[in-house]
Amino acid sequence: MKKYEFLILSILLAFFSCNEDDFTPLAPSISSEYYFSGTVNNDLVVINADEDNYQIHTGSSSNSDEPPIGKHDLGFTTYPFEIGDKNILIITPETEVTNKEKVLNLFPIGKLSDTDKEGFKLEYGKIVDKEEIETDIFHPIREKLIGEFSELEVVSVVEKSEDTYKIKIKFSCYLYNDKEILQGEINSAEIILRLVIN
């Protein structure tokens, strides 16, 4: 009987002697079909679509030329947004944004050569403040870093529907501020993007 009393006492003593500093927070984990996971300046960052405020961003911009020439920007943003929210976007080189064959040619399977990855950019940012534009409407003020890829590998391109593709990319990227001063890097990153061409 004394043996069991000693065991219970030892467990209780160990439990109550722990403090908050003894607990290591769990690393963020991937829980969505579309996500970003990478080491940003030595910290693991995971962004899951549809978790918290994070949503898939699938955009394109073009001028009025025919055919429309422009860029796709793909990644994750938040809405509604809060201070501290992050965003990450991969911006493609210019192409005919509605021409399926030309857009998909930007994403050949395998590691992209320096020539192939030329024109790709990464935007990584964090909301540092909110500016009120109208009553109850806020505009995010972002700390924005622009990335230059040291490595860029297209792992897979899967057609989800007639105009929608799921693209898996691995990359490493240097991060620069608006004065082109190196601010850090993203390493061992993996991102799954949704591309819509129409």
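The values are calculated or read from the model by the stated rules, or taken from the named source; none is laboratory data. Given the structure is predicted, the values throughout are model-derived calculations rather than measurements. Positions of Cβ are backbone-derived with ideal geometry, glycine not excepted, and every protein chain shown enters the neighbour counts. Heavy atoms of the whole protein, side chains included, go into the accessibility calculation; ligands, DNA and RNA do not. Shrake-Rupley method; radii C 1.70, N 1.55, O 1.52, S 1.80 Å.
Okay, here's what the table says:
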{"quantity": "Residue in the stretch 151-161 that is open to solvent by less than 20 Å² (accessible area, probe 1.4 Å), closer than 26 Å to GLU33 by Cβ, modelled with pLDDT of 95 or more and of a type outside the set (D, E, K, R) present", "calculated": "yes"}
{"quantity": "Qualifying residues in the stretch 167-193 (those that are in a strand (DSSP E or B) and basic (Lys, Arg)) - the one most open to solvent (accessible area, probe 1.4 Å)", "calculated": "LYS170"}
{"quantity": "Any hit, the stretch 88-100, residues being in a strand (DSSP E or B), of a type in the set (S, T, N, Q) and closer than 23 Å to ILE181 by Cβ", "calculated": "no"}
{"quantity": "Flag if ILE186 is within 20 Å of the chain's Cα centre (by Cα) and farther than 21 Å from GLY38 by Cα", "calculated": "no"}
{"quantity": "Pick from the stretch 68-96, criterion at pLDDT 95 or above and aliphatic (A, V, I, L, M), ranking: nearest to ILE186 (Cα to Cα)", "calculated": "ILE88"}
{"quantity": "Test: LYS121 is of a type outside the set (Phe, Trp, Tyr) and either over 30 Å from ASP52 (Cβ atoms) or out of contact with any strand residue (DSSP E or B) (no Cβ under 8 Å at 6 or more places or on another chain) (or both)", "calculated": "no"}
